[in-house]
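A.B. asks: Here it is: the structure, laid out below.
What follows is calculated from the coordinates using simple rules that are stated; it is not laboratory data. Note that this is a predicted model, so its numbers are computed, not measured. Counting neighbours? That spans all protein chains shown, and the Cβs are built from the backbone with ideal geometry, glycine included.
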């Protein structure tokens, strides 16, 4: 059976309103939209009615009806007795005339079929005084019982609905060659007409809203079409069926509040509770009339904006008019003529109840929702289910997702915000450290130049000054001047040495660190561009090494940043860690544009960059090189920038000693940042 209701994905905002209101729980949340499950749907139309975004659409019968009308076989329209509440500004003769103008060969009242059905209920209640019967005039209620209360199926009154009764009446009159289209306020009638055991009774079911669409498409004005009378047989009081309790009045069954033998329930709030109590066996009732809507005049296929009691009044006015116009004797004759018409029907169990998860499985799902303690079960209903455990059961059966839990989602969002704040703080620290390192690298480059240009001449001056002092020893007139020269030259050397010491202000603070944690810290310190897949592979073994975690994080941030910049159109960043007893290696491979061979020797030189002006300082890799060297490690790079030679990309490999190593003759863990 094709789905009655489907979802327009781009309109669904996942407000869970349809989940909350669906009595059959036939809504599944998947692919970021609320999908209606045809096998669970009873056609009540609640989801269609409550969706404020108009994301639910009902299967249209217009195209099929147009094809029927275009054929040469006569098509009869049977119109539900709730039509006066729909066409409030038209006399019934204009409604009939409009249907004939659309091409229907005949137009009949379902109200007469309702009167035949009412007589069957009268006989049922009179002959079987011990059994509870549930009225079957509402197809949504019938479907609900067959699917979700299958043990109550035998209590369904074995009587067809007024729609089917009218169809059988017409087929007796005109034979099976006639085509029949039902017009009414109910979406569930579409499902009833398509049921296998009622196949061929009614060819198609139109809602009043669809009828109005057909009229508008034909550009018909119901006020100007020739008025017309219904085709016989005509009804009298059967038009009361769409009003709550109407079946009882037409069948002349008294709803006695003292005996409680007859009870009426209507509306989404009452119907499910009435069925539940009926199954429990606590009801001392012989006939239970249940309507899903508050009377058929409130069906989802209505387009009238008249309020509830206004619609009831319109139906009552029409019934009074029909009774006043009708010939009672002729009506009784017609009723007697169809007294032998077979109005029986059987029902089938279609058990669609969901399996109940075990306590262990339920606890596991609740934990996924962040509910590890009974106090965490808020039962707020924001997800559309009345309790957290009902939501967990829906998740178990594939109807819901843990993300539907609003408190859990809010807490997860808070955790994400906290993580982002921490990442932002770490990134800010890394940026500060990077700026500081770049300044130190620049100072180290300057100091290295000064050492090369000044220290060598100073060394010559000091050497020759000492040589002269040895040659002129014992000559006081020269010793004082030469001592002054040596003293001032040594002073210049100390000044240069002090400048170099200033460049050496970064010290290695060794600590034991997990190499996997280093990689994650480095990733958190860099914004991940869209389209880049990140893959981390740890070879195993001992992951602990002794390094300065902050400085090594800075190294990885620099390498990751360059890798992301080399993949502007997306790609893959692969990080592999490995090691032996003495060393740990971190290899970072990107699938970017690669580095040209002529640039490779200059990569670690300060101020060298291949980036566009303003996008880089050329100091990041120089600082990286300095930090790695401070740790007595090594850094290597391999790259391919020529697609003809194979996949392009670059690999930086950092090799670090597993344990702390000091430079020879040094007790400090510091060296030049350049």
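A.B. asks: Please give the length that would be gained between residue 520 and residue 128 if that part of the chain were fully extended, namely 0.36 nm times their separation in residues minus their C-alpha to C-alpha distance (nm, one decimal). Intermediate results must be reported in sequence, preceding the final value.
C.D. replies: Values: separation 392, 0.36 × 392 = 141.12 nm, distance 7.61 nm.
Length gained, residue 520 through residue 128: 133.5 nm.
A.B. asks: I need the fraction of alpha carbon pairs in the range 168-272 separated by more than 22 Å, rounded to a whole percent.
C.D. replies: Summing the P(r) of the range 168-272 above 22 Å gives 55 percent of all pairs.
A.B. asks: How would you rank 475-482, 141-148, 344-351, 128-135, highest first, on the average number of other Cβ atoms within 10 Å across their residues? Write out the running numbers ahead of the final one.
C.D. replies: Details: 475-482: 11.8, 141-148: 23.2, 344-351: 13.2, 128-135: 15.6.
Going by the mean number of other Cβ atoms within 10 Å, highest first, we get 141-148, 128-135, 344-351, 475-482.
A.B. asks: Give me the one-decimal Kirkwood hydrodynamic radius in Å for the range 354-404, with the sum taken over alpha-carbon pairs.
C.D. replies: The Cα-based Kirkwood calculation yields 10.7 Å.
A.B. asks: Can you give me the relative contact order of the chain as a percent, contacts being Cα pairs under 8 Å and 6 or more apart?
C.D. replies: 12 percent
A.B. asks: State, to one decimal in nm, how far the label point of residue 13 lies from the label point of residue 73, with both points 7 Å from Cα in the Cβ direction.
C.D. replies: 4.5 nm
A.B. asks: How much length is gained on full extension from residue 378 to residue 351, taking 0.36 nm per residue of separation minus their Cα-Cα distance?
C.D. replies: Length gained, residue 378 through residue 351: 6.6 nm.
A.B. asks: If you don't mind, there's one more thing I want to ask. Hey, with R₀ at 30 Å, roughly what FRET efficiency would residue 317 and residue 221 work out to, going by the Cβ-Cβ distance, to 0.05?
C.D. replies: 0.80
A.B. asks: Sort out for me the Cα centre separation of the range 472-493 from the range 143-190, rounded to whole Å.
C.D. replies: Answer, in whole Å: 123.
A.B. asks: For the chain, what is the mean residue ellipticity at 222 nm derived from helices alone (per DSSP H run of n ≥ 4: -39500 (n - 2.57); sum divided by total residues; nearest 500 deg cm²/dmol)?
C.D. replies: -13500 deg cm²/dmol
A.B. asks: Another one. What is the extension gain from residue 305 to residue 456, computed as 0.36 nm multiplied by their sequence separation minus the C-alpha to C-alpha distance, in nm to one decimal?
C.D. replies: Between residue 305 and residue 456, full extension yields 44.4 nm more.
A.B. asks: Between the range 310-371 and the range 60-134, what is the separation of their alpha carbon centroids in Å?
C.D. replies: Centre-to-centre (Cα) distance: 15 Å.
A.B. asks: Counting only DSSP beta bridges with both residues in the chain, tell me the antiparallel percent, nearest 5.
C.D. replies: Looking only at bridges with both residues in the chain, the antiparallel portion is about 55 percent.
A.B. asks: What distance in nm separates the two pseudo spin-label positions at residue 389 and residue 173, each 7 Å out from Cα along the beta-carbon direction?
C.D. replies: 5.6 nm
A.B. asks: On the principal axes of its Cα set, how long, how wide and how thick is the range 60-337? Give whole Å, largest value first.
C.D. replies: Cα spread of the range 60-337 along its principal axes, largest to smallest: 55, 39, 39 Å.
A.B. asks: Apply 1/(1 + (r/R0)^6) to the Cβ-Cβ distance of residue 661 and residue 415, taking R0 = 41 Å, and write down the FRET efficiency to the nearest 0.05.
C.D. replies: Result of the calculation: an efficiency of 0.55.
A.B. asks: May I pose another question? Two decimals, Cα atoms only, Kirkwood Rh: what is Rg/Rh over the range 511-657?
C.D. replies: 0.95
A.B. asks: May I pose another question? Using the basic label-point model (7 angstrom from Cα toward the beta carbon), what is the residue 644 to residue 406 distance in nanometres?
C.D. replies: A separation of 6.4 nm, rounded to one decimal place.
A.B. asks: Ratio of alpha-carbon Rg to the 2.2 N^0.38 Å globular estimate for the chain, to two decimals, please.
C.D. replies: Here the answer is 1.66, to two decimals.
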